[in-house]
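Worksheet: one structure, shown below.
Since every read-out is calculated from the coordinates, none of them should be taken as a lab result. Because the structure is predicted, anything quoted here is derived from the model rather than measured. Using ideal geometry, Cβ is built from the backbone for each residue, glycine included, and neighbour counts are taken over all protein chains shown.
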Amino acid sequence: MAERVITGVSNGTLKERTASTTVTASTTFTTADAGSYNVATDAIVQTLPLITTENIGMRFKFTNTGADGANIITLSPNAVDGISGTIANAAADSVASGVVDKDLINTKATANNQDFVELEAYALTKWRIVGGVGIWASQG
């Protein structure tokens, strides 16, 4: 849904922005939906597309735009895919285990406005965290 838009050149530097789309309901994404999403609605699930050889490299970014402590974001991989990686935090790092069919969750009690995670499909069955802020937990 989101597309990159070139905004101009300033001082010889190309500036680029990525449009973000707000989701207000649980959504099952397709490869064509790769992009950036804002989530301000509590307790909805964002389901990632199945990783195939044709869509390795696609990225999704989810940003919590809800009030602090009031918005849980759940990212659910396809049943055969896993999410792995680490988001460094001052208190304790958030570590996604990479276990197949386990959600990544921006925990409600510790959620802050502008917490985010960016995921990339880097191999068959494997999403990796390429950036993030906030406390995220792997589903138990």
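Length available on full extension from residue 26 to residue 122: 0.36 nm per residue minus the Cα-Cα distance, which gives 32.1 nm. Along the chain, the longest continuous region that contains none of the GluC sites (Glu not before Pro) in a DSSP loop with at most 16 other C-beta atoms within 10 Å is 55-140.
As a proxy for reagent exposure, ranking 50, 124, 75, 104 by other Cβ atoms within 10 Å from fewest up yields 124, 50, 75, 104.
When both bridge partners sit in the chain, DSSP labels roughly 60% of those beta bridges antiparallel.
For the range 77-85, 3J(HN,Hα) computed residue by residue from phi via the Karplus equation (6.51, -1.76, 1.60; θ = phi - 60°) reads x, 4, 4, 9, 10, x, 10, 9, x Hz, glycine and proline entered as x. Site pair residue 56 and residue 137 shows an inter-label distance of 3.4 nm when each label is modelled 7 Å from Cα along Cα→Cβ. Averaging the sequence gap over all C-alpha pairs within less than 8 Å and six or more residues apart, then dividing by the number of residues, gives the range 21-138 a relative contact order of 26 percent.
For the range 21-138, a/c is not less than 1.5, where a ≥ b ≥ c are the root eigenvalues of the C-alpha gyration tensor, and a/b does not top b/c. That puts it in the oblate class. When 20, 76 are sorted by how many other C-beta atoms sit within 10 angstrom of their C-beta, beginning with the fewest, the order is 20, 76.
About the centre of its Cα atoms, the chain shows a dipole size close to 220 debye [charges on the beta carbon of Lys, Arg (+1) and Asp, Glu (-1) only; nearest 20 debye].
Taking the alpha-carbon centroid of each part, what is the distance from the range 121-140 to the range 32-74 in angstrom? The two parts, judged by their Cα centres, are 11 Å apart.
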